[in-house]
């Protein structure tokens, strides 16, 4: 997957799947986040991915975002597999 494809998926998630969530970087000092914190952090990550120039880092961050989306029930594995094609 190219950097441009990763950015496009991140922007799509930011605009649609995470639409009304306020993006914010969270540091919880060793505490596990609730779904709202996790989704806000995922949206912030999508915003940051759009600015990246390192394809490897962008892909790792997208994978993390997809994990959050799956765990919070926002996207299925099959949907994200299709997103990555």
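The values are calculated or read from the model by the stated rules, or taken from the named source; none is laboratory data. All of these numbers come straight from a predicted model, not from anything done at the bench. A quick note on method: Cβ atoms are made from the backbone with ideal geometry, for glycine too, and the neighbour counts reach across all protein chains shown.
Observations
- Subset of segment 17-38 that is in contact with a helix residue (DSSP H, G or I) (Cβ under 7 Å, 6 or more places away or on another chain) and in a helix (DSSP H, G or I) - its residue that is farthest from residue 68 (Cα to Cα): 17
- Within segment 67-84, residues that are assigned to a helix (DSSP H, G or I) reach no partner that is modelled with pLDDT of 95 or more and loosely packed, with under 12 Cβ neighbours inside 10 Å with beta carbons closer than 6 Å at six or more positions or on different chains.
- Only listed residue being modelled with pLDDT under 90, assigned to a helix (DSSP H, G or I) and at negative phi, chosen from 14, 5: 14
- Complete set of residues in segment 39-58 that are surrounded by fewer than 19 Cβ atoms within 10 Å (Cβ to Cβ), farther than 18 Å from residue 16 by Cβ and in contact with a helix residue (DSSP H, G or I) (Cβ under 6 Å, 6 or more places away or on another chain): 52, 55
- Criterion violated by residue 31 - all others in (1) modelled with pLDDT under 95; (2) surrounded by 11 or more Cβ atoms within 10 Å (Cβ to Cβ) satisfied: (2)
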